[in-house]
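Below you'll find the structure, written out as structure tokens, and then a few comments.
Only the coordinates and a few stated rules stand behind these numbers; no lab work does. On a predicted model such as this, the values are computed, not experimentally measured, just so you know. Ideal geometry is used to build each Cβ from the backbone, glycine not excepted, and the neighbour counts take in all protein chains shown.
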Amino acid sequence: PRTHSYTKYNSFDKVQSWINSMASSNSDLISKQTIGNSYEGRPMTLLKLGKKSSSVKPAIFMDCGIHAREWISPAFCQWFVKEALSTYGSDSQMTSLLNEMDVYVLPVLNVDGYDYTHKSNRMWRKTRSRKSGSSCIGADPNRNFNAGWCTVGASSNPCSDTYCGSKAESEIEAKNVADFIRRNKSTIKAYITVHSYSQLLLFPYAYTFELAATHSELMKVAEGASAALRSLYGTRYTSGPAAATIYPAAGGSDDWAYDLGVKYSYTFELRDTGRYGFLLPESQIKPTCEETMLAVKYIAAYVQKNL
Ligand SMILES: NCCCCC[C@@H](C[SeH])C(=O)O
Ligand SMILES: [Zn+2]
Ligand SMILES: [Zn+2]
């Protein structure tokens, strides 16, 4: 049956029907909006968590599934929504967070690619856009944002897995997210984008080795979040600026959000460190999501305290 499970990697269709059912449940705490369609016409549906308020509230924006094959990422966004709604009212921090802030959750950013990994090629990473003059398909959405676009750690070859696209925001999926964040930049205080794998908590910059203006604060928060994560099962994360901690990579959503003025901008690389890689077993969904909740809540609490 078309049953959704928080401890399985759900197909796009199951995620979509889950989104619709969540949005029609706790109408006081959650709503949905489509921020645009993908190249192949699938809806990009954003969930908005937070106590309904007539006044504008500060917000956190979190996306999952930029890269199609990183299945643990959308699994975490689904887990986060479940946890938020089920612990509101009992968990004092989550209650306070959703009373004072809104949390936007985009469960799957790269919807076409995600569906393609379920139906055709499990290891697909990019979007599924077609480019005239090339037989190769798709661009890397995490090289397609307007942040040092295509200068380093990206390829201008359409057949490369890190193809930066024909121009910044050429990929409609990236443009839809960038448009939403631009429209709401006065209220969005933090940006979190979830990937796998390597167990890293990264922050700007990836497009340069220059340290971010608020490097020490970003590092302090990342180390606190990693420690919170490690406290549950001992999972070890490395924190640091992306260029030096993983590799230089221009066009990233986190760098772009940070330069737009979103002060707290982080990229998670979830489990594992290579044993299973992108093929993380479903048995690890629960522990991975539980420990990552601690890190995300740590960041959210810091942001809330520093509004
Ligand atoms: N903004 C780029 C952060 C560092 C790279 C992150 C990884 C996630 Se798979 C990548 O996009 O290659
Ligand atoms: Zn990724
Ligand atoms: Zn990765």
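Averaging over every viewing direction, what projected area does the convex hull of the Cα atoms of segment 54-123 cover, in nm²?
5.5
What is the sum of charges around S166, taking Lys and Arg as +1, Asp and Glu as -1, for the other residues whose C-beta is under 14 Å from the C-beta of S166? Walk me through the intermediate numbers first.
Values: positive: K126, R130, K131, R143, K167, K175; negative: D140, E169, E171.
Around S166, the surrounding residues sum to +3.
With charges set only on the Cβ (+1 for Lys and Arg, -1 for Asp and Glu), what does the dipole of segment 86-222 come to about its Cα centre, in debye to the nearest 20? The partial results should precede the final answer.
Details: 15 positive and 13 negative charges, 95 e Å.
It comes to approximately 460 debye.
At a 10 angstrom cut-off on C-beta neighbours, averaged per residue, how do the peptides 50-56, 284-290, 142-148 rank from highest to lowest?
On the way: 50-56: 11.1, 284-290: 17.9, 142-148: 26.6.
Averaged packing, sorted descending, gives the order 142-148, 284-290, 50-56.
So what does the Cα-only Debye profile of segment 103-246 read at q = 0.16 Å⁻¹, as log10 I(q)/I(0), no solvent term?
-1.03
If we restrict to alpha carbons, what Rg and Dmax does the chain come to, in Å?
Computed over the Cα atoms of the chain, radius of gyration and Dmax are 17.8, 56 Å.
Averaged across orientations, what area in nm² does the convex hull of the alpha carbons in segment 235-279 project? Provide the component values of the computation, followed by the final result.
On the way: hull surface 15.8 nm².
The orientation-averaged projected area of the Cα hull of segment 235-279 comes to 4.0 nm².
By its C-alpha gyration tensor, with a ≥ b ≥ c as the square roots of the eigenvalues, how is segment 160-307 shaped: rounded for a/c under 1.5, else prolate for a/b larger than b/c, else oblate? Don't jump to the answer; show the numbers that get you there.
Details: a/c = 1.59, a/b = 1.21, b/c = 1.31.
Oblate is the answer for segment 160-307, as a/c is 1.5 or above yet b/c matches or exceeds a/b.
Quick one: if the Förster radius is 51 Å, what FRET efficiency do N121 and S55 give, using the C-beta to C-beta distance and rounding to 0.05? Mind showing how you got there, number by number?
Numbers: r = 46 Å, r/R0 = 0.91.
Taking R0 as 51 Å, the efficiency between N121 and S55 is 0.65.
Based on the mean of other beta carbon atoms within 10 Å per residue, what is the order of 267-279, 160-172, most packed first? Could you put the intermediate results ahead of the total?
Numbers: 267-279: 18.2, 160-172: 20.7.
Result, highest mean Cβ count within 10 Å first: 160-172, 267-279.
Please find the FRET efficiency linking L307 to S216, where r is the Cβ-Cβ separation and R0 is fixed at 25 Å, and quote it to the nearest 0.05.
Values: r = 20 Å, r/R0 = 0.79.
After rounding to 0.05, the efficiency reads 0.80.
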